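Engineer: This is the structure I have questions about; it appears just below.
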Number of protein chains: 2
Amino acid sequence: MKPLRLTMENQVPYVPEPAIRRLPWYLACVTRLRTQGVEYVSSTAISHELNVDASQIAKDLSYLNIKGKTRIGYEVVELERGLIDFLGFHREHKAVMMGVGSLGAALMADSGLSRYGLNIVAGFDVNPAVVGTSLGGKPIYALEELSDRVRELEAEIAVIAVPVESAAEVAELCVKAGIKALWNFTPFRIKPSADVAISNTSIYAHLAVMYNRMHE
Amino acid sequence: MKPLRLTMENQVPYVPEPAIRRLPWYLACVTRLRTQGVEYVSSTAISHELNVDASQIAKDLSYLNIKGKTRIGYEVVELERGLIDFLGFHREHKAVMMGVGSLGAALMADSGLSRYGLNIVAGFDVNPAVVGTSLGGKPIYALEELSDRVRELEAEIAVIAVPVESAAEVAELCVKAGIKALWNFTPFRIKPSADVAISNTSIYAHLAVMYNRMHE
């Protein structure tokens, strides 16, 4: 039996989703300041850089128990470390890629994800032409092997990039296989569930918003 | 001088961003119904499928001037066509890829984007090792050539996947080159502007939300 440790995992405070989404902006901002040798930064300075209200920034950071000093602001190194810690980008999260078609293969090839803590260790597909091959050194298995492989690989996350009509079924298979979080890139909306964390990231929705705003 | 035409581009109604983001869900849903041979669908049925409130769905669709019939619902084929038309997925939008590193190259290779109307016609990079080469048949040019090439290629959109510390500068270069919309994949937040449509799509922010929810 593993000893009980009070790690970040056990202590993560509740932070509203819109606040969590803003945190990577702050991180990108303070990382840049740190590489420029800046030691302290105020929420006003971050606000000016990102066009987010300074009081909003202070509130978001207070969720993480990060507080600036009056007239000095936040210590840049400490703020950067606090954000990385909270966001979980420094820890390895093992993931499987569901569907290694165009987008799936592209995401498996994106080494950037591993810098944010996501390690895609294998892919799954129904296409006999790709099952048994590998991509960037990672094996592609048949969908039927999902349960066994997830256990063996100790994967927690499934990245879903299958054709939209298979998304619901594949999501269900992942949950049955013991997956704890679904990162869904299809335009199908996976319903919220108590058993798994779901992130519906339809990049095509962003595309739709952009097209619309272009033509206004 | 081009004749003035009353095309979709000139007539796009104002729709709030959260509504636009939901429309691709409805589209995925009705496309599936259409392939199953279903002729009519109610907002209640869509609601059940997507876990979005039925009155919300009816309201979102009314922005597009799509109205269901009492006791019958929406005609599936008409609804699908209306959504695709409004979302702009059937029109070609020419785009350039800024930065063909890991994520940039992956997005250029994702043929899925072209099915949603985005045609990436060229890439730009500062790395002499890739400038002058091509990717999936699309040329990679030096960043200095941006203005000339954007004009020549008639590109309207720039997809930004450069290192985060270069994002601000590259965005500015794109606007100067006459680009009308920026699709930003870096964690840097590009500030809203009157001149260009901006979509900040930080996939890493979604990752952060998912990690957080996993450990709750």
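Taken together, the values in this text are just the output of simple stated rules run on the coordinates, not laboratory data. Fair warning: this is a prediction, and the values are worked out from it, not measured in the lab. Don't worry about glycine lacking a Cβ; one is built from the backbone with ideal geometry, like all the others, and counts go over all protein chains shown.
Engineer: Quickly work out the B:T35-to-A:E165 label distance, labels modelled 7 Å from Cα along the C-beta direction, and quote it in nm with one decimal.
Structural biologist: Once both label points are built, they end up 0.3 nm from each other.
Engineer: Using a 10 Å cut-off around each Cβ of peptide A:102-112, what is the average number of partner chain Cβ atoms that fall inside?
Structural biologist: The per-residue average across the peptide is 6.
Engineer: Pop the C-beta distance of B:E144 and B:T70 into the FRET formula with R0 = 60 Å and round what comes out to the nearest 0.05.
Structural biologist: It comes to 0.45.
Engineer: A further question follows. Along the charge dipole of region A:113-169, Cβ charges K/R +1 and D/E -1, which of A:I160, A:Y141, A:L113 sits furthest on the positive end?
Structural biologist: The Cα lying farthest towards the positive end belongs to A:L113.
Engineer: Given R₀ = 22 Å, what would the calculated FRET efficiency be for A:T133 paired with B:S114, taking r from the Cβ atoms and rounding to 0.05?
Structural biologist: It comes to 0.35.
Engineer: Right, another one. Calculate the dipole size of region A:93-206 relative to its Cα centre from +1 charges on Lys and Arg beta carbons and -1 charges on Asp and Glu beta carbons; express the result in debye to the nearest 20.
Structural biologist: Using only the charged Cβ atoms, the result is roughly 320 debye.
Engineer: I'd like the mean, over residues of A:117-123, of how many other protein chain beta carbons sit within 10 Å of each residue's own Cβ.
Structural biologist: The mean count of partner-chain Cβ atoms within 10 Å per residue comes to 1.
Engineer: Continuing with this model, one more query. Taking each residue in B:16-24, count the Cβ atoms of any other chain within 10 Å of its Cβ, then average. What number comes out?
Structural biologist: Taking the mean over all residues of the peptide, I get 5.
Engineer: Report the per residue volume, in Å³, of the convex hull enclosing the C-alpha atoms of region B:17-87.
Structural biologist: 76 Å³
Engineer: While we're on this one: Report the label-to-label distance for A:N51 and B:A54 in nanometres (one decimal), using points 7 Å from each Cα along the Cα→Cβ vector.
Structural biologist: 4.1 nm
Engineer: Also: Please grab the % of Cα pairs in the protein assembly as shown that end up more than 26 Å from each other. Show your work: numbers first, answer last.
Structural biologist: Numbers: 55567 of 93096 pairs.
Roughly 60 percent, once rounded to a whole number.
Engineer: Let me know the charge dipole size of chain A about its Cα centre in debye, to the nearest 20, where only the beta-carbon of Lys, Arg (+1) and Asp, Glu (-1) is charged.
Structural biologist: Numbers: 22 positive and 24 negative charges, 129 e Å.
The calculation lands at about 620 debye.
Engineer: Considering only DSSP beta bridges with both partners in the protein assembly as shown, what is the antiparallel share in %, to the nearest 5?
Structural biologist: If I count the DSSP bridges inside the protein assembly as shown, around 20 percent turn out antiparallel.
Engineer: Just name one of A:V30, A:A171, B:S62: the one whose Cα is farthest towards the positive end of the charge dipole of the protein assembly as shown (beta-carbon charges, Lys/Arg +1, Asp/Glu -1).
Structural biologist: It is B:S62.
Engineer: Which of B:K138/B:K176; B:K94/B:K180; B:K94/B:K138; A:K191/B:K191 have a Cα-Cα distance over 20 Å?
Structural biologist: Numbers: B:K138/B:K176 23 Å; B:K94/B:K180 11 Å; B:K94/B:K138 12 Å; A:K191/B:K191 32 Å.
Over 20 Å apart, Cα to Cα: B:K138/B:K176; A:K191/B:K191.
Engineer: Counting Lys and Arg as +1 and Asp and Glu as -1, each charge on the Cβ, what is the dipole of the protein assembly as shown about the Cα centre in debye, to the nearest 20?
Structural biologist: Here the protein assembly as shown has a charge dipole of around 680 debye.
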